[in-house]
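Asker: Pasting a structure here, questions to come.
The values are calculated or read from the model by the stated rules, or taken from the named source; none is laboratory data. Quantities reported herein were computed from a predicted structural model and do not represent experimental measurements. FYI the Cβ positions are ideal-geometry reconstructions off the backbone, even for glycines, and counts take in every protein chain you see. Calculation scope for accessible area: heavy atoms of the full protein, side chains included, ligands and nucleic acids excluded. Shrake-Rupley method; radii C 1.70, N 1.55, O 1.52, S 1.80 Å.
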Protein chains: 2
Amino acid sequence: MSERSGSEQDFVVLDHGTGAKLSRELVERIAEALGDVYIGQMEDSALLDVGAGRIAVTTDSFVVTPLFFGSGDIGKVSVCGTVNDLAVSGARPLYLTLGLILEAGFPMKSLLRILASIRAAALEANVKIVAGDTKVVRQGEADQIFINTTGVGVLERSPLRAQAVRPGNKIIISGNIGNHSIHLLSVREGLGFERRVESDCAPLNGMIDMLLKSLPEGTISCMRDVTRGGLCAVLHEFARASGHTLQFHKERVPVTPEAVMAADMLGIELIHLANEGCLCLFVDEAHAEQVLGLLREHPYGRNAAIIGEVTATPEPRVYMVAPDGTRTMLEELYGAELPRLC
Amino acid sequence: MSERSGSEQDFVVLDHGTGAKLSRELVERIAEALGDVYIGQMEDSALLDVGAGRIAVTTDSFVVTPLFFGSGDIGKVSVCGTVNDLAVSGARPLYLTLGLILEAGFPMKSLLRILASIRAAALEANVKIVAGDTKVVRQGEADQIFINTTGVGVLERSPLRAQAVRPGNKIIISGNIGNHSIHLLSVREGLGFERRVESDCAPLNGMIDMLLKSLPEGTISCMRDVTRGGLCAVLHEFARASGHTLQFHKERVPVTPEAVMAADMLGIELIHLANEGCLCLFVDEAHAEQVLGLLREHPYGRNAAIIGEVTATPEPRVYMVAPDGTRTMLEELYGAELPRLC
């Protein structure tokens with residue numbers, strides 16, 4: 001097309017954000033890149049059948065840096081993060097919206113690569129993208145690309161709520177912790193671990209659905225995907241919600257030796273790091289081994305482990321138990337030194 | 001609290017974005033500022049009753065500059081824009097999610113002012129905020145604050161679709177066009193019009209609900225809120241959707257003399273400018289005067305006017321008719337020179 005300059009083809013330009021013809025062309029390219037995963041009708045609202053009358057809704061903005069990493073990119077993280085937030089509530093993820101904020105000058109090639117990744121993750125998670133919005137800001141007003149995904153799911157079973165967690169519940173972790181953050185930090189800082197520690201970024205709704213279908217209702221009291229704030233933040237959340245002391249055994253937490261080594265060198269703790277494909281489950285004691293077995297049969301749960309339990313002590317605290325039996329009370333971190341990993 | 005330094009109280013800091021305790025405090029302050037408008041349970045997903053099985057979903061990111069203007073701010077625009085997108089589809093807006101991307105150093109006072117404005121707009125629109133997400137990026141990585149709102153509404157009547165627009169439909173505009181953009185441009189560039197041309201930013205769901213309740217189904221073929229791209233973009237959208245030529249009479253388009261003067265001085269056309277509280281309706285010819293009467297009784301529709309019609313010509317074009325009868329074919333703008341007004 002004669003109207004399109006080379007630069008408009010290759011880079012996002014400010015006029016892509018104006019609501020005029022060029023905006024529409026960008027939106028059409030985005031819809032084309034998403035293919036059949038995108039079912040928006042390009043009107044103001046998507047109209048959706050949700051069957052039952054109860055839905056789950058969650059929102060997340062992604063400011064990941066670096067944008068591209070070994071086993072994924074900001075697009076994959078944007079889909080997985082929101083799908084996982086819906087799935088851990090007991091909902092079946094159905095629909096996502098996609099809000100893009102693009103910095104003028106962002107390479108169109110990178111945008112299309114991210115969209116391809118969004119498409120692949122949406123296909124795996126079996127969700128459709130139903131509405132989108134794209135804004136463009138001037139160079140220096142955003143860092144390349146920010147993505148918001150908001151997810152809608154249906155509740156076909158009782159929701160899982162934090163309040164259901166109770167003394168005696170076993171705490172299960174579905175996979176190695178810290179790998180996502182170590183991988184990204186390594187790519188970002190050029191530390192050389194990135195080829196040995198892969199991000200765990202994955203949509204977990206398939207594994208969660210398998211679990212909930214296989215187990216009597218109530219077996220799993222609640223679960224969370226372990227993202228920002230890491231395992232430590234999740235355990236503190238459930239200590240507060242249950243009003244009881246949680247304890248876990250340090251040596252039972254699944255980790256890779258490479259992640260431990262990297263964390264040691266960086267002076268950080270794996271329990272504080274974000275993951276993008278790891279669940280923390282609170283499970284009825286009598287069924288804990290069964291849940292563990294089911295998780296280990298799934299590709300995303302191969303390294304699952306029972307790491308601890310909710311104790312009868314009615315104080316909202318978190319203790320880490322060392323192999324020699326020493327108990328250390330873990331404080332919730334006040335801030336952290338590792339921003340923008342999810 | 002001794003842990004909080006003055007700076008953490010007064011400004012957003014990077015550690016507000018980490019998922020640790022400081023993050024939680026920020027989220028709690030946000031929830032507190034939103035008050036009863038916020039019904040999120042601070043879990044990963046909000047669980048919502050939607051009654052009927054059909055919902056409408058829309059998403060929008062807001063990168064408005066300036067953040068604060070005469071009759072509103074980015075918070076009000078973020079609620080109104082998404083509420084209006086839902087309402088024009090025929091849905092009743094119920095729930096919003098709120099995704100914040102904050103630049104480190106952003107004054108907490110400004111954040112709280114924006115949240116108060118979100119709260120007020122949500123109260124007026126009668127929607128609840130059900131889930132939120134807050135990310136903090138380093139100074140220079142975002143321009144102060146970006147807001148994503150995603151809206152969920154229920155469809156209690158047949159949805160309004162662009163395909164329903166047909167020859168003979170009258171085109172009605174609910175209010176003066178261009179004021180929002182002229183106001184923001186004036187604030188931004190210090191042009192001095194801002195006290196005489198106010199933004200029209202408003203939630204229109206009340207007015208739309210009143211119309212749809214008062215009229216037989218099918219009277220209104222479709223409608224849009226006239227935002228980015230302005231009236232011209234909306235008319236082109238409906239010319240394409242209906243496959244017919246649309247024409248409107250230049251002198252019938254409601255405008256304020258001040259906005260015309262400002263647009264002339266700036267060398268821009270009001271029909272290309274974004275509004276945040278203006279509807280374009282396509283209405284059955286026989287009921288056009290009735291719709292106009294209903295609109296004019298509503299505070300947000302006082303300046304409504306019938307400006308044109310969908311002709312029988314089966315070509316997707318837009319014509320502007322001058323008082324002397326001269327018809328000018330309007331091209332869709334390719335880009336535009338006025339970014340970041342909504």
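Asker: Taking the Cβ of A:Val37 as the centre, find all other residues whose Cβ is under 10 Å away and add up their charges (Lys, Arg: +1; Asp, Glu: -1).
Answerer: Numbers: positive: A:Arg119, A:Lys128; negative: A:Asp36.
Net charge in that neighbourhood comes out at +1.
Asker: Let me ask another. Can you give me the relative contact order of chain B as a percent, contacts being Cα pairs under 8 Å and 6 or more apart?
Answerer: Dividing the mean separation by the residue count of chain B yields 22 percent.
Asker: Right, something else. I need the semi-axes of the equivalent ellipsoid of segment B:137-238: take the C-alpha gyration tensor, multiply each eigenvalue by 5, square-root it, list largest first in whole angstrom.
Answerer: Three semi-axes, in Å: 32, 19, 14.
Asker: Another question about this same structure. Between the label point of B:Lys250 and that of the same position in each other copy, find the distances and list them shortest first in nm, with every label point placed 7 Å from Cα along the Cα-to-C-beta direction.
Answerer: Listed shortest first, these distances are 7.9 nm.
Asker: Another question, if that's okay. Compute from the Cα atoms of segment A:74-151 the Rg and the Dmax, the latter being the longest Cα-Cα distance, and quote both in angstrom.
Answerer: Computed over the Cα atoms of segment A:74-151, radius of gyration and Dmax are 13.0, 41 Å.
Asker: Roughly what % antiparallel, to the nearest 5, for the DSSP beta bridges in the protein assembly as shown? Could you put the intermediate results ahead of the total?
Answerer: On the way: 89 of 117 bridges.
Once the DSSP bridges in the protein assembly as shown are tallied, antiparallel ones form about 75 percent.
Asker: Please tell me the relative contact order of segment A:162-329 in percent, rounded to the nearest whole number, where contacts are Cα pairs under 8 Å and at least six residues apart.
Answerer: 42 percent
Asker: Just to confirm a number: summing +1 for Lys and Arg and -1 for Asp and Glu over residues other than A:Ala120 whose beta-carbon lies under 12 angstrom from that of A:Ala120, what do you get?
Answerer: Value of the local net charge: +1.
Asker: Still on this structure, I have one more. Give the Cα extents of segment A:162-329 along the principal axes, in whole Å, largest first.
Answerer: The Cα atoms of segment A:162-329 stretch 45, 36, 25 Å along their principal axes.
Asker: Within 10 Å of each Cβ in B:92-101, how many Cβ atoms from other chains are there, averaged over the peptide?
Answerer: 4
Asker: Considering only lysines 8 or more places apart in sequence, or on different chains, count the pairs in chain B whose C-alpha atoms sit under 25 Å apart.
Answerer: Here the count comes out as 10.
Asker: Mind listing the label-point distances from B:Glu217 to the same position on all other copies, shortest first, one decimal in nm, points 7 Å along Cα→Cβ?
Answerer: 3.4
Asker: Okay, next question. Counting only residues 5 or more places away or on other chains, whose amide H sits under 5 Å from the amide H of B:Ile307 once H atoms are built in the peptide plane?
Answerer: B:Ile171, B:Ile172, B:Ile173
Asker: Taking Cα atoms of segment B:99-197, Rg/Rh with Kirkwood Rh, to two decimals?
Answerer: Radius of gyration over Kirkwood radius for segment B:99-197 works out to 1.07.
Asker: Also, I was wondering about something else. At each listed q (0.09, 0.16, 0.19 Å⁻¹), what is the log10 of I(q)/I(0) that the Debye formula gives for segment A:6-154 modelled as equal alpha-carbon point scatterers?
Answerer: Evaluating at q = 0.09, 0.16, 0.19 Å⁻¹ gives log10 I(q)/I(0) of -0.27, -0.83, -1.14.
Asker: Have a look at the protein assembly as shown and give its Rg and Dmax from the Cα atoms, expressed in angstrom.
Answerer: 26.0, 94
Asker: Taking the Cα centre of the protein assembly as shown as origin, sum charge times position over the Cβ atoms of Lys and Arg (+1) and Asp and Glu (-1), and report the length of that vector in debye to the nearest 20.
Answerer: Details: 62 positive and 86 negative charges, 127 e Å.
Roughly 620 debye, rounded to the nearest 20.
Asker: Using 0.36 nm per residue of separation minus the Cα-Cα distance, give me the extension gain between A:Tyr334 and A:Glu189 in nm, one decimal.
Answerer: Values: separation 145, 0.36 × 145 = 52.20 nm, distance 2.39 nm.
In short, 49.8 nm is gained.
Asker: Probe 1.4 Å, all protein chains in place: accessible area of A:Ser181 in Å², nearest 10?
Answerer: About 0 Å², rounded to the nearest 10.
Asker: Within a 10 angstrom radius of each residue's Cβ in A:137-146, how many Cβ atoms of other chains show up on average? Whole number is fine.
Answerer: Rounded to a whole number, the mean comes out at 5.
Asker: Here's something else I'd like to know. Only Lys, Arg, Asp and Glu count, each charged at its Cβ (+1, +1, -1, -1), so figure out the dipole size of segment B:162-329 about its Cα centre, rounded to 20 debye.
Answerer: Approximately 140 debye in magnitude.
Asker: Further, regarding this structure: Say a label goes 7 Å from Cα toward Cβ at A:Met329 in every copy; what distances in nm does this one have to the rest, shortest first?
Answerer: A:Met329 label point versus its equivalents elsewhere: 7.8 nm.
Asker: Tell me which residues come under 5 Å, amide H to amide H, from A:Thr313 once H is placed; ignore anything under 5 positions away on its chain.
Answerer: The list, which skips near neighbours in sequence, is A:Thr245.
Asker: Right, here's the next one. Sorting check: for A:118-125, A:294-301, B:89-96, which peptide has the highest mean count of neighbouring beta carbons within 10 Å, and how do the rest follow? Don't jump to the answer; show the numbers that get you there.
Answerer: Values: A:118-125: 21.1, A:294-301: 17.0, B:89-96: 25.2.
Result, highest mean first: B:89-96, A:118-125, A:294-301.
Asker: Between B:Thr150, B:Ile129, B:Ala56, whose Cα lies farthest towards the positive end of the dipole of segment B:6-154 when Lys and Arg beta carbons carry +1 and Asp and Glu beta carbons carry -1, centred on the Cα centre?
Answerer: B:Ala56
Asker: Further question on the same structure: Can you give me the long-range amide H partners of A:Ala202? Hydrogens built in the peptide plane at 1.01 Å from N, cutoff under 5 Å, separation of 5 or more residues or another chain.
Answerer: Those lying under 5 Å, H to H, from A:Ala202 are A:Gly277.
Asker: For segment B:185-256 and segment A:150-208, what is the separation of their Cα centres, given in Å?
Answerer: Result: 45 Å between the Cα centres.
Asker: Taking beta carbons within 10 Å but only from partner chains, what does the mean come to for residues B:75-87?
Answerer: Values: counts 0, 0, 0, 0, 0, 0, 2, 3, 0, 1, 5, 2, 2.
Mean partner-chain Cβ count within 10 Å for B:75-87: 1.
Asker: While we're looking at this one, here's another question. Using the Cα centre as the reference, give the magnitude of the dipole from point charges on the C-beta atoms of segment A:6-154 (Lys, Arg: +1; Asp, Glu: -1; all else neutral), rounded to the nearest 20 debye.
Answerer: Details: 12 positive and 18 negative charges, 57 e Å.
My answer is approximately 280 debye.
Asker: If each DSSP helix of 4+ residues adds -39,500 (n - 2.57) and the sum is divided by the residues in the protein assembly as shown, what number results at 222 nm, nearest 500 deg cm²/dmol?
Answerer: -9500 deg cm²/dmol
Asker: Report ³J(HN,Hα) in whole Hz for each residue of segment A:257-262, in order, from the Karplus equation J = 6.51 cos²θ - 1.76 cosθ + 1.60 where θ = phi - 60°; Gly and Pro get x.
Answerer: x, 5, 5, 4, 4, 4
Asker: With the other protein chains left in place, how much accessible area per residue, in square angstrom, belongs to the protein assembly as shown at a 1.4 angstrom probe?
Answerer: Details: 24570 Å² over 684 residues.
Counting only protein heavy atoms, the per-residue value for the protein assembly as shown is 36 Å².
Asker: Using a cut-off of 11 Å between beta-carbons, work out the net charge of the residues near B:Ser174 (Lys and Arg +1, Asp and Glu -1, B:Ser174 not included). Write down the numbers at each step before the final one.
Answerer: Values: positive: B:Arg224, B:Arg296, B:Arg302; negative: B:Asp200, B:Asp225.
In short, +1.
Asker: Kirkwood Rh and Cα-based Rg: tell me the resulting Rg over Rh for chain B, rounded to two decimals.
Answerer: Computed over Cα atoms, the ratio is 1.00.
Asker: If the label point is 7 Å along Cα→Cβ of A:Arg302, which residues in segment A:162-206 have backbone nitrogen under 17 Å from it?
Answerer: Residues passing the 17 Å test: A:174-180, A:195-204.
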